[in-house]
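S.K.: Submitted below is the structure of interest, expressed as structure tokens.
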Amino acid sequence: MVDADGELDLTDRRIEIVANPGARGGSALGASHYIPAPGKLFPHDPSVGDIKQQELADCYLLAGVIAILARDGGPKAIAGLMKQKDGRVVVRLYDTGGSPRYVSVEKTFRKNSEKHNGGAIWATLLEKAYAAAGFVEENKHAEGKTTGPVVTGYAKLQFGRPETALKVLLGGDADYKRFDMGRFEQVQGNAGFLFLLLWTLDDTDRLQQSSVAAVIDQIFGGDGALWIAFVLWRTEYVKGQWETLLDAFGDIKDKKDATARRKALRLEDLEAFFERYSLGQATIARIMAFVEAKQLLPGRRGSGKYSALQVRTFERIQDALNAGKPVAVSTTKEVGKKSTGKGKSGGEALSKGLAGNHAYGVIGVRVDTDGLRWVRIRNPWGEMGREYIRTGNKLKAKEIASGEFDLELNDLTKRFESMSVSGVRIQEDLNQYL
């Protein structure tokens, strides 16, 4: 059990008294806008269920808190961030230089309960301290913009990145990795390079003979006749259609040149392309066997077939969690072809239980007996998630009420754009919190 007043050590600490944060861009909130926060800071051990984001669009911060709580020792770490003292609450946050700062906020809530976290007292006051501390996300512009007025107070919490919040909450560094989704998912390795050579090699060029031999050997199993059949089929028209196919997949941009959503090129799409333009079945079979064996493309959701990039993404998340590092993931602007509504905190585009431009805390990962890979995540709203209905080897997504759910890896890399990982190991480094 954690101490009901928090476990932050205030011995010989310089405490900074900060005023109640304003609502937007320096507009202060007077005492009439706040009401006392009754009870103990931690009437029970902090848990992910204490996080219930409402109208304030600070999912990135609350997803970071969820990510901390989900690790072994996380509740103790959160209790070690805060201390109730003399009718106020002291919170340790880190400035941009990585130095700890101790800020004291009045133990009050905003009167409009929809304007702050709707869960436990401690979570609401942590949110308040983050908004009130002038050194936190200083010089921030509205909604991710790089110009315009600097925002302060609660307006400062409107939109951000989880890695920023993790640095402020835990100190140390935090890593941001974008999920790669190019026109063809893997060209770095030799296998991807060989596949792309299929479309450019000229077997009459003496300088390319070693590459032609490698393609025949590795892709066509040494059958030169299949290579010849492919070259005869690979007309200028077919190559043009191939480029058109590639252009239809990958990151889809919106009018402001930001990633709106993604369309993943799958094994099924590649095979359908070959069949549509009448490549011989024996040749198709050889190429598809090579692409699948080398994990150059994923299969459809539910197939259990993943690209090498997807597997690496999963393993990065798994390794970080095993090391006790908090992890959060963030969606693209749109998470489906059609929006089914708007989110309550930032007008997020909703689709089958997922929200666009939204951050989620990662709870864990697993691989099931069918080889499907799952990442368990939690919505800071405390509600709304996704589950699947299986039909054969297909998974059909639907919305569910629960905010904690398992996301299949194909969905993660298609509908999420990045992961944020703290450099701090919660369990091993727990002494820094006490």
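The values are calculated or read from the model by the stated rules, or taken from the named source; none is laboratory data. Values in this document were obtained by computation on a predicted structure and should not be read as measured data. Note that each Cβ is placed from the backbone with ideal geometry, even for glycine, and that neighbours are counted across all protein chains shown.
S.K.: Scan (1) of a type outside the set (D, E, K, R); (2) touching a residue at least 24 places away in the same chain (Cβ under 8 Å); (3) under 30 Å from ASN410 (Cα atoms) for the single condition LEU197 breaks and write down its number.
M.R.: (2)
S.K.: Something else about it: Among the candidates GLY347, GLY353, which residue alone is at positive phi and under 16 Å from the mean Cα position of the chain (by Cα)?
M.R.: Unique residue meeting the criteria: GLY353.
S.K.: With the requirement that a residue be closer than 26 Å to GLY74 by Cα and out of contact with any Pro (no Cβ under 9 Å at 6 or more places or on another chain), what does region 327-354 give you?
M.R.: Hits for region 327-354 are THR331, LEU354.
S.K.: Let me ask something else about it. Any residue at all in region 306-320 that is of a type in the set (Gly, Ala, Ser), outside any helix (DSSP H, G or I) and touching a Lys or Arg at 6+ places or on another chain (Cβ under 7 Å)?
M.R.: No, every residue in region 306-320 fails to be of a type in the set (Gly, Ala, Ser), outside any helix (DSSP H, G or I) and touching a Lys or Arg at 6+ places or on another chain (Cβ under 7 Å).
S.K.: Go through region 327-355 and report how many residues are of a type in the set (Gly, Ala, Ser) and within 18 Å of GLY64 (Cα to Cα).
M.R.: 5
S.K.: In addition: Can you report the number of residues in region 292-304 which are out of contact with any strand residue (DSSP E or B) (no Cβ under 9 Å at 6 or more places or on another chain) and surrounded by fewer than 20 Cβ atoms within 10 Å (Cβ to Cβ)?
M.R.: Summing the residues that are out of contact with any strand residue (DSSP E or B) (no Cβ under 9 Å at 6 or more places or on another chain) and surrounded by fewer than 20 Cβ atoms within 10 Å (Cβ to Cβ) in region 292-304 gives 4.
S.K.: Which of (1) in contact with a Gly (Cβ under 8 Å, 6 or more places away or on another chain); (2) within 26 Å of PRO36 (Cβ to Cβ); (3) at pLDDT below 95; (4) not aromatic (Phe, Trp, Tyr) does LEU169 not meet, given it meets every other one?
M.R.: (3)
S.K.: List pairs: first residue in region 223-250 and closer than 18 Å to ALA289 by Cα, second residue aromatic (Phe, Trp, Tyr) and surrounded by 15 or more Cβ atoms within 10 Å (Cβ to Cβ) anywhere in the structure, Cβ distance under 8 angstrom, at least six positions apart or on different chains.
M.R.: Qualifying pairs under 8 Å: LEU226/PHE220; TRP227/PHE220; PHE230/PHE220.
S.K.: Let me ask another. Condition first: part of a strand (DSSP E or B) and hydroxyl-bearing (Ser, Thr, Tyr). Can you find one or more residues in region 1-16 that meet it?
M.R.: no
S.K.: For region 319-344, which residues satisfy the criterion of being more than 14 Å from the chain's Cα centre (by Cα) and of a type in the set (Val, Ile, Thr)?
M.R.: Across region 319-344, the qualifying residue is only THR340.
S.K.: Residue check: is GLY118 at pLDDT below 95 and on the phi > 0 side of the Ramachandran plot?
M.R.: In short, no.
S.K.: Something else now. Return only the number of the condition from (1) touching a helix residue (DSSP H, G or I) at 6+ places or on another chain (Cβ under 9 Å); (2) surrounded by fewer than 19 Cβ atoms within 10 Å (Cβ to Cβ) that ALA272 does not satisfy.
M.R.: So the condition that ALA272 fails would be (1).
S.K.: Step by step: first the residues of region 364-375, then only those that are β-branched (Val, Ile, Thr) and touching a Leu at 6+ places or on another chain (Cβ under 9 Å), then the one that is surrounded by the fewest Cβ atoms within 10 Å (Cβ to Cβ). Which residue is that?
M.R.: Of everything passing the filter in region 364-375, VAL365 is surrounded by the fewest Cβ atoms within 10 Å (Cβ to Cβ).
S.K.: Check every one of the helices (runs of 4 or more DSSP H) wholly within region 233-301 and list those with 1 or more residues that are under 22 Å from ALA349 (Cα atoms), at pLDDT below 95 and touching a Leu at 6+ places or on another chain (Cβ under 7 Å).
M.R.: none
S.K.: Inside region 310-328, can you point out the residues that are surrounded by fewer than 20 Cβ atoms within 10 Å (Cβ to Cβ) and not small (Gly, Ala, Ser)?
M.R.: Those that are surrounded by fewer than 20 Cβ atoms within 10 Å (Cβ to Cβ) and not small (Gly, Ala, Ser): VAL311, ARG312, PHE314, GLU315, ARG316, GLN318, ASP319, ASN322.
S.K.: Among the strands (runs of 3 or more DSSP E) contained in region 343-392, which hold 1 or more residues that are β-branched (Val, Ile, Thr)?
M.R.: 359-367, 373-391
S.K.: Quick check on region 387-396. Is at least one of its residues under 14 Å from the mean Cα position of the chain (by Cα) and not small (Gly, Ala, Ser)?
M.R.: Checking region 387-396: not a single residue is under 14 Å from the mean Cα position of the chain (by Cα) and not small (Gly, Ala, Ser).
S.K.: Restricting to region 334-351, give me the number of residues that are surrounded by 19 or more Cβ atoms within 10 Å (Cβ to Cβ) and free of Cβ contacts under 8 Å to residues at least 60 places away in the same chain.
M.R.: Total meeting the criteria: 5.
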